[in-house]
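First up is the structure itself, then whatever we jot down about it.
The values are calculated or read from the model by the stated rules, or taken from the named source; none is laboratory data. Only a predicted model underlies this, so the values are computations on that prediction, with no experimental measurement involved. For neighbour counting, all protein chains shown are included, and Cβ atoms are generated from backbone atoms with ideal geometry for every residue, glycine included.
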Amino acid sequence: MLWTWPAITGLHLLGHHPDGPGTAWFLSASGRLLSGGWLDDPFTGWPAGAHYGRPDSFLQLPIGALLGWLGAARLLSWLTVAGVALSIWAAERFARELGARAPWSLLAGLVFALSGLASTALLEGYPYHLVNPWMPLFATAWLRATRVGARPQDGVWAGVWFVLTLLTTAWLGIASIPIALGFAAPALMAARHSIDRLWPLLAAALTVALPGLFYAMAFSAGGGGGADDLATAGFPTPDLGLTLRRFLPPGPSIDLHGYTQSAALPAVALALTVAAPRVLGGDSTGWRRVALTGAGALGLALAPVLAARALSPSGTPSQDGLSSVIIAAFMRFPDRLSWATLLCLGAVGAVVLSRLAERRPRAAAVLLALGLVDAFVVPRLPWRQRTMQTDVPSAYAAHSGPVLDVWPQNGSQAPAWDLWTTNLGCYYQSVHQRPVADLCLVSPGQVSPRMALQNYTVAGLLTDQGPTVAETLRSLGFGSVVLHAGLFQATDQAHLLRALPTLGGPLESSTDGGEWVVAVGLDPPTTPPQHADLHWQEWLNACIKDAALKNEPLRQVGGFCAPPRVE
Amino acid sequence: MSASLLLALALSAAAEDAQLTVEVVVGSPPPQVGSLYVKGNWLDKEFAQALTDDGDGSAPTGDGIWTTTLRGPPTRMISLDLIATTQSAPSQLLASTTEPVGDRDRITFALSNTSPPQATRVALARPARQLERFETATTVAGLGWFALVFGYVVWLVDGRFQRSEPRRRRRGDRT
């Protein structure tokens, strides 16, 4: 509770970056995404609707569907606390499987669940990465399945936990691959002499096969960009120097210039693992292969180019192929592979600590306390946490029907401004429950209708074409335009506020909910018009060519895109 | 007892939303800057406040850290312009930005010693060189932490095994 404070209160959205509001939206929309067409959402991407075939976390869907009545922000906060607690418990369990004893096994939980990577997930705003008892449970079952005397059921359980890890987020699934290979290596080598060692592995493979196939099919059908789009979507592959710095305690500029990215390694677990050969001696529990697996994962995280070659040894597969996209995604955040390092070295460290405690319990207690320093002082949690309010502007309630949010483009030097406006608009949707034009999960390469329509509206208002804009938006079925007036620069703000009444409908202004917004009603037709997706996409492409979506200052938005006529 | 503590912390967390405080800080402006002020929008209200080096906010007086404190109803973002009065221009726009804010946040700028000065967002109100040294010091402190922990573990492990050696020697001596 303390590490995730103030999540337990359920009163805030947490995080330094826009991912938090976006994650809250996803939880709120989960029931809708499951009950309509598979992952289709008519309430976003208005007027064409949206298909979210590549969510980062499939496991959030049933959680959001079942518990969404709690409210998106509260659910997200409580899920964070519960997730961290479950992850600590599961990592402890893995450490005990390896031979650690309570209370020293707690070190494994601290190292895994309160790590630098965990702090990044918490502070960035995607705490579902922390709802991860699955990876330690997978490691526990897989360790059993790859030992002498393992039963096929051990392999089945390992497969189940791996699938749940993958469904939590593909990042954790990727991070589990070193564990899968590292733990299985002795069993695979021994299988030449004893076929019995293979049965649990085969059982695991069969358990994973069907869900894995489903995942691959859903991924391929999900749309969104391929490897090239990912490569240019920001967060280029860090060089060795940057990666090494990420593994050290974070500096003061990390939240401002580093996008909160930290993978600080735990000093206590590392030191204890280095001491393991001296303290533990023999390898009756399998600690050596666990330690080597953790070290290997760290090596791959430090040298992502080598890891990419290992994943794609034969050359470059098709640009949109699943493996190509996985490699491109991994290359953006190679340090996430060190989740395996944290799990493995945390467990080995806990075993060493347990052995040391047999003779020097007080010294072991000091080390456990130093582990708390690694967990709290190094990432500076909970002091670094930032809160956002959960209520939304009341002006959204003044009208009905789909709403077009109009934000300033290039409104800030803050990183990820477009993501801020998208995710806030989507979070507001989770409360006001009206359709919005935003695509709330945007894969690299996708274009949001809200961007095109927003810029069309602003260009129209600034050139005194309000009635034409209003007619166009009505024909697309919009019920209101909401101008985020407080975020525009003074001259544009004044001009837009003067022009807003020319849209023709009743105005409503509010300054609650953390923003000053002005909403204009549009009185749309009762039956929203149907639009062919093809025409809509052509119009979007034309607007892009008109530089409506490129990084041009507001006054230089060229072109006044006329949307396709309804047929 | 723990339930009471939790309730008190929760109430304090809720009370934070009643009023928001944001500090704007500029560290050690160059000599050509005569005065600094910020203007912008806090929800639907415009504000214009001068920065001073008189200890407003968290900085002591005369330390070269210019500050002003903005207060208002809860807001997610504020847009502000940082403006300087220089020898060559009575009103020089140095930065124009919209910043996500939380309670007790600091928006800190560093100004370059150029004409006109360039403003960049920084994490601490220190000159650029000092900030680099601060970042380096953090890295060194991190390495020092690793060294401390490693040293303690080595001492512990060696101490553990040193205790066992005299017993073996004694056994050898008996034979």
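In region A:1-28, the residues that are within 10 Å of another protein chain (Cβ to nearest Cβ) and surrounded by 24 or more Cβ atoms within 10 Å (Cβ to Cβ) form Cβ pairs under 6 Å with partners that are of a type in the set (A, V, I, L, M) and part of a loop (DSSP other than H, G, I, E, B), at six or more places apart or across chains, as follows: A:P18/A:A416.
Cβ-Cβ contacts under 6 Å between residues 6 or more apart (or on different chains), taken from a first residue in region A:45-69 that is free of Cβ contacts under 8 Å to residues at least 60 places away in the same chain to a second residue that is part of a loop (DSSP other than H, G, I, E, B) and surrounded by fewer than 17 Cβ atoms within 10 Å (Cβ to Cβ), are listed as A:G49/A:P42.
Listed residues A:G371, A:G401, A:G466; which is assigned by TED's automatic domain parsing to the domain that holds A:A263 and over 26 Å from the mean Cα position of the chain (by Cα)?
Checking each option against the conditions leaves just A:G371.
When residues in region A:377-393 are screened for being surrounded by fewer than 19 Cβ atoms within 10 Å (Cβ to Cβ) and away from every other protein chain (no Cβ under 13 Å), 0 of them pass. The residues on offer are A:D374, A:D405, and the sole one that is under 30 Å from A:P506 (Cα atoms), touching a residue at least 12 places away in the same chain (Cβ under 8 Å) and of a type in the set (D, E, K, R) is A:D405.
Which residues, counting only those in region A:82-105, are within 24 Å of A:D335 (Cα to Cα) and buried (at least 21 other Cβ atoms within 10 Å of the Cβ)? If the condition is that a residue be within 24 Å of A:D335 (Cα to Cα) and buried (at least 21 other Cβ atoms within 10 Å of the Cβ), then A:G83, A:V84, A:S87, A:I88, A:A90, A:A91, A:E92, A:F94, A:A95 are the ones that fit. Among the residues of region A:469-486, those that are more than 32 Å from the chain's Cα centre (by Cα) and either among the β-branched types (V, I, T) or within 13 Å of chain B (Cβ to nearest Cβ) (or both) comprise A:V469, A:T472.
The numbered conditions (1) facing chain B (nearest Cβ under 10 Å); (2) at pLDDT below 90 are all true for A:G282 except (1). Given the condition in the same structural domain as A:C344 (by TED's automatic domain parsing), more than 25 Å from A:S262 (Cα to Cα) and not in a helix (DSSP H, G or I), answer yes or no: does some residue in region A:173-191 qualify? The answer is yes, given that some residue of region A:173-191 is in the same structural domain as A:C344 (by TED's automatic domain parsing), more than 25 Å from A:S262 (Cα to Cα) and not in a helix (DSSP H, G or I).
Looking at the structure I just gave you, is A:D464 in a helix (DSSP H, G or I) and of a type outside the set (A, V, I, L, M)?
In short, no.
Residue-wise test of (1) modelled with pLDDT of 60 or more; (2) under 20 Å from the mean Cα position of the chain (by Cα); (3) closer than 28 Å to A:L114 by Cα.
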{"position": "A:G299", "(1), (2), (3)": "yes, no, yes"}
{"position": "A:G315", "(1), (2), (3)": "no, no, no"}
{"position": "A:A328", "(1), (2), (3)": "yes, yes, yes"}
{"position": "A:F333", "(1), (2), (3)": "yes, yes, yes"}
{"position": "A:G346", "(1), (2), (3)": "yes, no, yes"}
{"position": "A:G349", "(1), (2), (3)": "yes, no, yes"}
{"position": "A:S354", "(1), (2), (3)": "yes, no, yes"}
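Considering region A:487-496, and only residues there that are aliphatic (A, V, I, L, M) and more than 10 Å from chain B (Cβ to nearest Cβ), the residue that is surrounded by the fewest Cβ atoms within 10 Å (Cβ to Cβ) turns out to be A:A494. Within region A:369-410, being farther than 24 Å from A:Y126 by Cα and part of a helix (DSSP H, G or I) holds for A:A369, A:L370, A:G371, A:S394, A:A395, A:Y396, A:A397, A:A398. Strands (runs of 3 or more DSSP E) fully within region B:75-154 that include at least 2 residues being within 25 Å of A:A485 (Cα to Cα) and touching an Asp or Glu at 6+ places or on another chain (Cβ under 9 Å): B:77-86, B:92-100, B:105-111.
Would you please name the residue that is nearest to A:W383 (Cα to Cα), looking only at residues in region A:11-41 that are in a loop (DSSP other than H, G, I, E, B) and more than 20 Å from the chain's Cα centre (by Cα)? Filtering region A:11-41 for residues that are in a loop (DSSP other than H, G, I, E, B) and more than 20 Å from the chain's Cα centre (by Cα), the one nearest to A:W383 (Cα to Cα) comes out as A:L11. For region A:246-269, filtering for residues that are part of a helix (DSSP H, G or I), more than 7 Å from chain B (Cβ to nearest Cβ) and closer than 16 Å to A:V378 by Cα leaves 4. Checked across region A:185-192, the condition of being buried (at least 17 other Cβ atoms within 10 Å of the Cβ) and not hydrophobic (A, V, I, L, M, F, W, C) holds for no residue. Filter region B:61-74 for residues that are at pLDDT 90 or above and assigned to a loop (DSSP other than H, G, I, E, B); which is farthest from the other protein chains (Cβ to nearest Cβ)? By that ranking, first place goes to B:P73. For the subset of region A:144-165 comprising residues that are in a helix (DSSP H, G or I) and polar (S, T, N, Q), which member is nearest to A:L188 (Cα to Cα)? So, considering only residues that are in a helix (DSSP H, G or I) and polar (S, T, N, Q), the one nearest to A:L188 (Cα to Cα) is A:Q153.
Put simply, of A:A398, A:A369 the only residue that is surrounded by fewer than 21 Cβ atoms within 10 Å (Cβ to Cβ) and farther than 30 Å from B:G142 by Cα is A:A398. Here is the figure for region A:89-122: residues that are under 29 Å from the mean Cα position of the chain (by Cα) and among the charged types (D, E, K, R) total 2. For region A:346-364, what are the residues that are of a type in the set (K, R) and within 10 Å of another protein chain (Cβ to nearest Cβ)? A:R355, A:R359, A:R360, listed by residue number.
Taking (1) modelled with pLDDT under 85; (2) more than 7 Å from every other protein chain (Cβ to nearest Cβ) in turn, B:R160 satisfies each apart from (2).
When the test is whether a residue is of a type in the set (F, W, Y), farther than 18 Å from A:H12 by Cα and either in contact with a Leu (Cβ under 7 Å, 6 or more places away or on another chain) or not assigned by TED's automatic domain parsing to the domain that holds A:L453 (or both), A:W69 does not pass it.
Taken together, A:D418, A:D438 contain a single residue that is at pLDDT 85 or above, part of a helix (DSSP H, G or I) and in the same structural domain as A:T457 (by TED's automatic domain parsing), which is A:D418. Of the residues A:W104, A:W89, A:W142, which single one is farther than 27 Å from A:A364 by Cα, in the same structural domain as A:R355 (by TED's automatic domain parsing) and either of a type in the set (A, V, I, L, M, F, W, C) or modelled with pLDDT of 90 or more (or both)? The match here is A:W142. Against the conditions (1) buried (at least 16 other Cβ atoms within 10 Å of the Cβ); (2) touching a strand residue (DSSP E or B) at 6+ places or on another chain (Cβ under 7 Å), B:R104 satisfies every one except (1).
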